[in-house]
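The values are calculated or read from the model by the stated rules, or taken from the named source; none is laboratory data. Everything quoted here is computed from the prediction, not taken from an experiment. Neighbour counts run over all protein chains shown; Cβ positions are idealised from the backbone, glycine included. With ligands, DNA and RNA removed, areas are computed over all heavy atoms of the protein, side chains included. Shrake-Rupley method; radii C 1.70, N 1.55, O 1.52, S 1.80 Å.
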Number of protein chains: 2
Amino acid sequence: MSEATTMRIAAVQMACDASREDNLARATHWIAEAAKAGATVVCLPELFTGPYFCQTEDTAAFERAEPVQGPTLTALAGVAREHRIAIVAPFFERRAAGIYHNSAGVLDAAGHFWGLYRKMHIPDDPGFYEKFYFTPGDLGFKTFPIGDTRIGVLICWDQWFPEAARLTAMQGASILFYPTAIGWVPDEKADQGAAQHAAWQTVQRGHAIANGVYVAAVNRIGMEQATQGQGAIEFWGQSFICDPQGQILAEASVDQEEILCVDLDVAQLEAVRRIWPFWRDRRIEAYAGLTDRWHTPGSETGGA
Amino acid sequence: MSEATTMRIAAVQMACDASREDNLARATHWIAEAAKAGATVVCLPELFTGPYFCQTEDTAAFERAEPVQGPTLTALAGVAREHRIAIVAPFFERRAAGIYHNSAGVLDAAGHFWGLYRKMHIPDDPGFYEKFYFTPGDLGFKTFPIGDTRIGVLICWDQWFPEAARLTAMQGASILFYPTAIGWVPDEKADQGAAQHAAWQTVQRGHAIANGVYVAAVNRIGMEQATQGQGAIEFWGQSFICDPQGQILAEASVDQEEILCVDLDVAQLEAVRRIWPFWRDRRIEAYAGLTDRWHTPGSETGGA
């Protein structure tokens, strides 16, 4: 094991208003703070360049989409270069007329574009009408080399799928970044809010434990009104970073812009995997059914 | 949805000493209590008929193994019939000279043998030398019809594998029972004990959330000395049952024998899956890699 086993990582929790320029300016401020704090890589929230437009189905919102080599990644490449920090940069991708993705580009500390992740699991719930906007990702699960290790990038709804975490960790990720836009629907908050937030945090801590990886969930803050109708979402902030045993290392407020910084220790990660050797014991010859949708409950025999 | 959507389930947390007869008698007492409390099905802890012999590798311990139609399941079939309650009955299975499994039989409320689960994931850590004793299960992941629904049975180390939970839930299980024997190694407890227990509970609550199922973890209690050498394990009790949102419904003490009873509500389970529709959105065409051991970190391209 080499001596330099730690790498400082950062997450930006921020509000996102209607102006791409304002959001980029605020993101740039927090990226600079993360670099000053010694971070090697920083992650921004899902779709951070604008409001969470998926509260309604409105074709006008597609005007926000941009190509990979568009204004967001172009601007952030300069920020990466200036501050010598790698950036996980979510954006609304226009791939072709009629094909749009919920994506994240990864820029290295020289501002080079390392690659793209396109959100694989697309939600559709009241107030989160993402299936109207986003073609499901077709790049599969991805990791990117940063510093002496690799990072994995997944986006929001991917959070709930153990398969996504596993397949990304399996490519050597030491950390899974989850840019996110999740919050409370005001009518549900009193009854359901605590349970919803707890489940969100718990399932991701579970991914950290099951895979022996760090996890960083990077959310936005603020109450956003729907652009049509009367809906609203109160984004719940509470971005967090946990270690390979699922222990919370840093957790942000509900309603403040801030950065989280922690030291990712790849030697500690390997130590955890040695005493909790889940990777050793996966029964891969018995997992073929995972590519099925469902197994109709069937024959149960003694089997002895 | 039919009107009768709930089914009461129970978990027995107990100590396990050297005598099969004593352990069976105590298990029978608690099963009767569960039946009195109205439970339809009750689960006992892993290998409950004896001490946790895997603290050392000792060929004498194989003498404890028994066939499926052996004293444990035979006795419990009578208990099931007498108290009209289905039983998840873990036992040390002797299948052939040289083939032994860590198994659980499922008996219905008439005492009929419904089937067998053989632990698929076998641990091997200092103090938990299970690979010496147990051939990995070859029956795959199993569910069993009980009342108006199906139950899944997994065992201890399976707890840490999202694949096991997924493949069992996929067969229509409303609840995953995890008979367990887990505890603290005394030397580690002060430093690591809280984190170990939290990770154990968290990863299982994560399975409940990701799959929209109830989870019942059923542990033993007590300090057990190794039969050879100087080791010991303090089994940490704290059996629990959580709902499909990962919320703890019942949790047992660290050191007392007791039963947990909760009402499993299959209508509520379906309501949760409607608003958190993870089953709808699995990207099964992208999951083939789950049957691989590892993916050597490789080509990362822009992919646009």
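With its label point put 7 Å out from Cα toward Cβ, A:GLN225 sits 7.4 nm from the same residue's point in the other copies, in order from shortest. Within the listed set A:ALA80, A:ALA164, A:ALA96, the residue fluctuating most in the Gaussian network model of chain A (springs between alpha-carbon atoms under 10 angstrom) is A:ALA96. Here B:LYS189 is the anchor, and the lysines within straight C-alpha reach of less than 28 Å, apart from those fewer than 8 places off in the same chain, are B:LYS119, B:LYS131.
Shortest first, A:ALA96 label-point distances to identical copies amount to 5.6 nm, with the label point at 7 Å from Cα along Cα→Cβ.
When only alpha carbons are used to place a centre, the stretch A:23-100 and the stretch A:172-199 end up 21 Å from one another. Of all DSSP-defined beta bridges confined to the protein assembly as shown, some 70% are antiparallel rather than parallel. With the highest mean first, a sort of the peptides B:225-234, B:24-33 on other beta-carbon atoms found within 10 angstrom per residue produces B:24-33, B:225-234.
Look at the stretch B:153-166: the mean tally of other chain Cβ atoms within 10 Å of its residues' Cβ atoms is 4.
Our summary gives chain B a relative contact order of 19 percent, counting only alpha carbon pairs under 8 angstrom and 6 or more residues apart. Mean projected area of the Cα convex hull of the stretch A:164-227, taken over all directions, amounts to 5.2 nm². Heavy-atom accessible area, probed at 1.4 angstrom with all protein chains present, ranks B:HIS101, B:HIS295 as B:HIS295, B:HIS101, highest first. Largest GNM mean-square fluctuation across A:VAL218, A:VAL203, A:VAL153, computed for chain A with C-alpha springs under 10 Å, falls on A:VAL203.
Spin-label pair B:ASP22-A:GLN268: with each label point 7 Å from Cα along the Cα-Cβ axis, the two points sit 4.3 nm from one another. The residue in chain A that lies nearest, by its beta carbon, to the axis linking chain A with chain B is given here with the distance in whole angstrom as A:GLY206, 1.
Shielding of peptide B:270-280 by partners, expressed as the average count of other chain Cβ atoms within 10 Å per residue Cβ, is 3.
Classified by the C-alpha gyration tensor, the protein assembly as shown has a prolate form. Its axis ratio a/c, with a ≥ b ≥ c, is 1.5 or above, and a/b is larger than b/c. Taking the inverse of the mean 1/r over every pair of distinct Cα atoms in chain A gives a Kirkwood hydrodynamic radius of 19.8 Å. Note on the stretch B:6-291: antiparallel DSSP beta bridges, both residues inside, total approximately 70 percent of the bridges counted.
Rounded if a/c is under 1.5, else prolate if a/b is larger than b/c, else oblate: which is the stretch B:1-156, with a ≥ b ≥ c the root eigenvalues of its Cα gyration tensor? Verdict is prolate for the stretch B:1-156.
Of the trypsin sites (Lys or Arg not before Pro) found in the stretch A:234-304, the ones in coil according to DSSP and having at most 16 other Cβ atoms within 10 Å of their Cβ are A:ARG293. What separates the Cα centres of the stretch B:232-272 and the stretch B:105-131 is a distance of 19 Å. Counting Lys and Arg as +1 and Asp and Glu as -1 over every other residue whose Cβ lies under 13 Å from the Cβ of B:LYS36, the net charge comes to 0. Placing +1 on the Cβ of every Lys and Arg and -1 on the Cβ of every Asp and Glu, with nothing else charged, gives the protein assembly as shown a dipole about its Cα centre of roughly 1200 debye. Per the Kirkwood definition applied to all pairs of different Cα atoms, how many angstroms is the hydrodynamic radius of the stretch A:1-89? One decimal place: 14.2 Å for the Kirkwood radius. For the stretch A:186-276, a Kirkwood hydrodynamic radius built from all Cα pairs, placed in the Stokes-Einstein relation at 37 °C and 0.692 mPa s, yields a translational diffusion coefficient of 224 µm²/s. Think of it as helices only: each DSSP H run of n ≥ 4 in chain A is worth -39500 (n - 2.57), and spread over all residues that comes to -8500 deg cm²/dmol at 222 nm. Summarising the label geometry, the points placed 7 Å from Cα in the beta-carbon direction at B:GLN228 and B:ILE284 lie 4.8 nm from one another. Just check the stretch B:121-213 against the gyration tensor rule for me: Cα atoms, a ≥ b ≥ c as the square roots of the eigenvalues, rounded for a/c under 1.5, and otherwise prolate or oblate depending on whether a/b exceeds b/c. Because a/c hits 1.5 or more and a/b fails to exceed b/c, the stretch B:121-213 counts as oblate. Between A:ALA104, A:ALA37, A:ALA216, the GNM of chain A built on Cα springs shorter than 10 angstrom shows A:ALA37 fluctuating the most.
Across the options A:SER19, A:ALA226, A:PHE92, the greatest Cα extent toward the positive end of the charge dipole of the stretch A:6-291 (unit charges at beta carbon of Lys, Arg, Asp, Glu) belongs to A:PHE92.
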